[in-house]
1. Report which label in (1) 18.8, 56; (2) 23.5, 74; (3) 19.4, 62 holds the value of Rg and Dmax of the Cα atoms in Å derived from the coordinates of this structure.
2. When the convex hull of the C-alpha atoms of segment 187-258 is computed, what volume per residue in Å³ does it have?
3. When the chain is modelled as a GNM with alpha-carbon springs shorter than 10 Å, which of ALA21, ALA69, ALA34 fluctuates the most?
4. Please give the charge dipole size of the chain, origin at the Cα centre, charges +1 on K and R Cβ atoms and -1 on D and E Cβ atoms. Round to the nearest 20 debye.
5. In whole angstrom, how long is each semi-axis of the equivalent ellipsoid of segment 97-175, when you take the square root of 5 times every eigenvalue of its Cα gyration tensor and sort them from largest down?
6. Rounded, prolate or oblate for segment 49-193? Axes are the square roots of the Cα gyration tensor eigenvalues, ordered a ≥ b ≥ c, and the cut-off for rounded is a/c under 1.5.
7. Can you pull the percent of segment 18-90's accessible area that's carbon plus sulfur, 1.4 Å probe, other chains left in place?
8. At 1.4 Å probe size, with every protein chain present, just tell me what the per residue accessible area of segment 8-134 comes to in Å².
Amino acid sequence: YNQLFKAHSVDAVLVPLKLPAAALPGFLEHGMRAENVGGFWATIPHKSQLAELLKPSDPVASIAGAVNAVKRHPDGRLEAALFDGIGFVKGLDHFGIGVAGRSVLVVGAGGGGHAVAAAIAQRGPAKLAVFNRSRERARSLVDRLQPIAGERAVVADSNDPAGFDLVVNCTSQGLKPDDALPFDPARVNAGAAVVDIIMTREPTPLLRTCRARGLQAEAGFEMLVQQVPEYLRFFGFDAIGQSLQSDLDVVRAMLYPT
């Protein structure tokens, strides 16, 4: 972001802040009164607590129970939002992967799975199945999806990808070299697409195996790329956001592996 601010002659800077989880409420009350702090990005462990404290109105953030950006309005009011979901579905658009009227399997019902499933649900899939090793956790997510997905959202009995048009890995399986695959790539339908949201510099074993079969298998970096214009517009940098949205190659060059 600092490179983008400099390139567009914007008088702003992004700096890291290491904040203990217990200090978050105090920071919101006191730290955000600083007149030159317009907002912040947030990551683990603060995303869930911020959602509890700030009660986001965005349905995806509400379902996910997490936010990753907070801005201060001129009157001092704090607004929170989550951009993982919109980044994911915009990434699908970039890759030409349709969702509406199709069958989707989301494997993993953690924080990423919540955001991804909620954003997919808004796109009107014919079926949205959620699998998690803890069936109770998958059921909890499906229940949270009911207001926007209704009966189209179901708990999957297994992680078998057969019969689905799109399969999304939202588990952490693939971060370590010896991890088991989150599902069997050999069972993915020919013509189906696979997306792995794990952010690694090299293609995950899942992506490599799927690509070896000739399947469309895409990495999660585009999810980050597509969030950038949304973040910038959220924080009031509309001109930069609009400029980047028409050509995100500069962002890809910073984030994608070379």
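The values are calculated or read from the model by the stated rules, or taken from the named source; none is laboratory data. None of these values were measured; they are calculated from a predicted model. In this analysis, Cβ positions are derived from the backbone assuming ideal geometry, glycine residues included, and neighbour counts consider all displayed protein chains. Please note that ligands, DNA and RNA were not included when accessible areas were found on the heavy atoms of the full protein model with its side chains. Shrake-Rupley method; radii C 1.70, N 1.55, O 1.52, S 1.80 Å.
1. (1)
2. Values: hull volume 7.7 nm³, N = 72.
It is 107 Å³ per residue.
3. With Cα springs under 10 Å in the chain, the top fluctuation among ALA21, ALA69, ALA34 is at ALA34.
4. Numbers: 26 positive and 26 negative charges, 55 e Å.
It works out to roughly 260 debye.
5. The equivalent ellipsoid of segment 97-175 has semi-axes of 17, 14, 11 Å.
6. Prolate shape, in that a/c is at least 1.5 and a/b is the bigger ratio.
7. 56 percent
8. 48 Å²
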